[in-house]
């Protein structure tokens, strides 16, 4: 297993990316890493941090895709960027996973064009961890990849989310809730109303009904599904709680858990290999946790298990 | 001006409703109130609380609509319920506003059939107050009346919300934001993408662009517009912060402001007279604040001002 990482993506790259690599190496000294970025910048930093290059390959990528560049255009015009080269290596099987805290759009477009979706997946998705009030974590998806969704899509998110919750979060037989505006089956917008019966009939998941806005943070369901528009609003509102608690000078373990750095980044689900998209403001801890997540996803073969569950449903 | 109130609606009615009336009467002893409910229950309670009946009319309504009854059916089958009779009085002009903490659906159906929408209003809406982190309040709408929306609807919400923010919240020239998944104009689901240009061209509002989930609580915009599905999720998530802070034993002025009782209830906007829908778990403070809100809305003629703004836009 080789983990690939874009060292140039994100507001605090490459310095914080290098620190993340160092922290990861201290924990897992023999996991092979492949670092994509400008050699002339990276090598001195790696040297300075006294990082052993025994299990590290540095792949020179002289170009960078900026945070606000148009994804498709940037990938086409900058074939020597760290993201473009990284995806090239991923598609050729020279690395087993790839991650970046850089341009999210470029990461998604790169994923789309370089690796396959799992068989039967209509659209890949992205998820986020939502800390539960009484401990543990829930999974929310989609959080922005698919702003407009059809009911069949949400039904697949429920399956992929359930597998992820079981395999990666260690939740046995996770419960699934549909984000909705009321408890009754008939509640909701057209999408939620049409999705409810699909989830109810889906034998691959343990559906417990609707979850309302007030249930999102309290952990009524282990997996919460919704369209990417709603999910993105919830995600960013939840993330803001960490900053709000700090602004209010509250030191509170629950609100501290909303620090996105704890979770590293969000993996793209429904594709053949782990691709992890980090926050633009990722620091050392976030990079470390992204690397750990990639290693964990590969070791636990979460994608393969999703594939099996999706096949069983169809 | 006569304020009408359903004394039987809500989990803690009529006892808490009576206490709310008492508290209101202490502040505004000469404002005429009209109380709808079962006389045999209400009169002893009013007597017990030593409430003067000089400016109070008790209207006997022997039936009650339960919290989970089907709205249309219940209104038809229970013509002597407090909600049905209350709306009868409102439609006849015997009261100037009406409120209840009871069955929300029945309140909305009752509004629809008993009073007119303002001229030009495609669909009435409901809103909520979102406390801003640095003080003051923002208005979010729609929060559940219109789960599926068209762009024209959101454009009207922006106008109605701006008038409400100016007249009722005292915000001069309020800024309007579109709830969305990113800052760029082109971001969003189909609805948000189609709404953005309408808001941009709307001369009745001060549009400042998109607001993301992370901006909802920090007060980037004074008025935030979205479809009722998204808005309802945000509303209930925001409300849950009060309970979460209490659960975490945090005593914090900012999180305390999420106590819905501070705001009483949510007025239906875009109709000819104030109708206020309270929370099912309303207590004395919520009833008091609902009564104050109804009085304030009538005194400030907010509906008339909305009517003018809507006419100016069309």
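Bear in mind these aren't lab numbers, they're just calculated from the coordinates by the rules spelled out. Since the structure is predicted, the reported quantities are computational estimates derived from the model, not experimental observations. FYI the Cβ positions are ideal-geometry reconstructions off the backbone, even for glycines, and counts take in every protein chain you see.
General observations
- Per-residue mean of C-beta atoms belonging to partner chains within 10 Å, peptide A:293-306: 0
- The ratio of the alpha-carbon radius of gyration of segment B:32-181 to the globular-protein estimate 2.2 N^0.38 Å is 1.25.
- Label spacing, shortest first and in nm, from residue A:32 to its equivalents in the remaining copies (7 angstrom along Cα→Cβ): 8.7
- Footprinting exposure proxy for B:185, A:69 (fewest neighbouring C-beta atoms within 10 Å first): B:185, A:69
- Once the C-beta distance of residue A:47 and residue B:148 is scaled by a Förster radius of 51 Å, the resulting FRET efficiency is 0.30 to the nearest 0.05.
- Relative contact order [Cα under 8 Å, 6+ residues apart], chain B, whole percent: 23 percent
- Cα pair distances exceeding 41 angstrom across the protein assembly as shown, given as percent: 32 percent
- Cα-based shape type of segment A:1-43, given that a ≥ b ≥ c are square roots of the gyration tensor eigenvalues and the cut on a/c is 1.5: prolate
- Shortest-first nm distances, residue B:190 label point to equivalent points in other copies (7 Å, Cα→Cβ): 0.7
- Segments A:223-234, A:167-178, B:3-14 sorted - mean Cβ within 10 Å per residue, highest first: A:223-234, B:3-14, A:167-178
- Per residue of chain A, the DSSP helices (runs of n ≥ 4 H) give a summed -39500 (n - 2.57) that works out to -13000 deg cm²/dmol at 222 nm.
- Near-label residues of segment A:250-278 by backbone N, under 16 Å of a point 7 Å along Cα→Cβ of residue A:296: A:257-269, A:274-278
- Shielding by other protein chains, B:188-196, mean Cβ within 10 Å: 3
- Bridges between two residues of chain B, per DSSP, are antiparallel at a rate of about 30%.
- Exposure proxy for A:240, B:91, A:82: other Cβ atoms within 10 Å of each Cβ, ordered fewest to most, give B:91, A:240, A:82.
- Expressed to the nearest 5 percent, the antiparallel share of DSSP beta bridges inside the protein assembly as shown is 30 percent.
- Cα gyration tensor, segment A:122-259 - rounded (a/c under 1.5), prolate or oblate: prolate
- Cβ crowding within 10 Å, taken as a proxy for footprinting-reagent exposure, orders B:195, A:128, A:186 from fewest neighbours to most as A:186, A:128, B:195.
- Shape of chain B from the C-alpha gyration tensor: prolate (a/c of 1.5 or more and a/b above b/c, with a ≥ b ≥ c the square roots of its eigenvalues).
- The length gained on full extension between residue A:94 and residue A:243, counted as 0.36 nm times the residue separation minus their Cα-Cα distance, comes to 49.7 nm.
- Across peptide A:139-149, the mean count of Cβ atoms from other chains lying within 10 Å of each residue's own Cβ comes to 2.
- With its label point defined 7 Å out from Cα along the Cα-to-Cβ axis, residue B:314 lies at 5.0 nm from the matching points of the other copies, in increasing order.
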